[in-house]
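Trainee: Provided herewith is a single structure, encoded as structure tokens, for subsequent inquiry.
Computed from the coordinates by the stated procedures, all read-outs in this text should not be read as laboratory data. Values in this document were obtained by computation on a predicted structure and should not be read as measured data. For neighbour counting, all protein chains shown are included, and Cβ atoms are generated from backbone atoms with ideal geometry for every residue, glycine included.
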Amino acid sequence: MITTTVLPPTSYAYFSPGPDCLGCIVEHFRAAQRTVDVCVFTITDDRIAGTMLETHRRGVRVRIVTDNDKSGDLGSDIERLEAAGIATKIDRTPYHMHHKFAIFDGTRLVNGSYNWTRGAAEQNAENLIDTGDVGLLAAFQRQFDTLWARL
């Protein structure tokens with residue numbers, strides 16, 4: 001008799017509005033053990049920012065790359081995260097740093113159109129991919145590292 005083992009998928013797709021994209025991001029922060037590299041245009045959802053602060057306080061190294069056009073907006077959480085000691089670099093070039101991705105412990109990549117805002121969770125039609133694909137992880141880590149070094 002031949003038996004087969006069905007492995008869980010290594011990638012997941014989530015869509016908003018609704019709780020799925022937000023839940024994916026929050027759960028990855030809660031599960032992070034060593035590092036989280038965040039590269040997002042804006043962070044205004046206090047639920048995400050609060051979880052980022054909790055992760056940082058647990059001793060996980062959190063780094064953020066963001067864009068200057070949104071970092072000073074009303075409701076932006078960037079100053080609060082930076083004031084709490086989270087390493088932050090702000091792209092002040094004349095162009096937008098419009099990425100929306102995060103890498104958790106070098107093993108999970110979350111990427112998509114999903115803005116890290118309450119509006120994205122509650123109103124907008126957006127998407128998020130959660131993957132452990134090693135090729136994608138390597139490519140996005142290289143992009144993060146390049147931006148981090150340049151800024």
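Trainee: Of the DSSP beta bridges with both residues in the chain, give the percent that are antiparallel, rounding to the nearest 5.
Mentor: Taking every DSSP beta bridge with both residues in the chain, the antiparallel ones total about 60 percent.
Trainee: Also: Pulled fully out, how much extra length does the chain show between residue 146 and residue 125, if you take 0.36 nm times their separation in residues and subtract their Cα-Cα distance?
Mentor: 4.6 nm
Trainee: Count neighbours as other Cβ atoms within 10 Å of each site's Cβ, and list the chymotrypsin sites (Phe, Trp or Tyr not before Pro) in the stretch 85-151 that are DSSP loop with at most 13 such neighbours.
Mentor: 95
Trainee: For the stretch 38-106, divide the Cα radius of gyration by the Kirkwood radius and give the resulting Rg/Rh value with two decimals.
Mentor: 0.94
Trainee: Could you grab the relative contact order for the chain? Cα pairs under 8 Å, six or more apart, rounded to a whole percent. Could the numbers behind the result be given before it?
Mentor: On the way: 275 pairs, mean separation 48.0, N = 151.
Here the relative contact order equals 32 percent.
Trainee: Give the average over all directions of the projected area of the C-alpha convex hull of the chain, one decimal, in nm².
Mentor: 10.3
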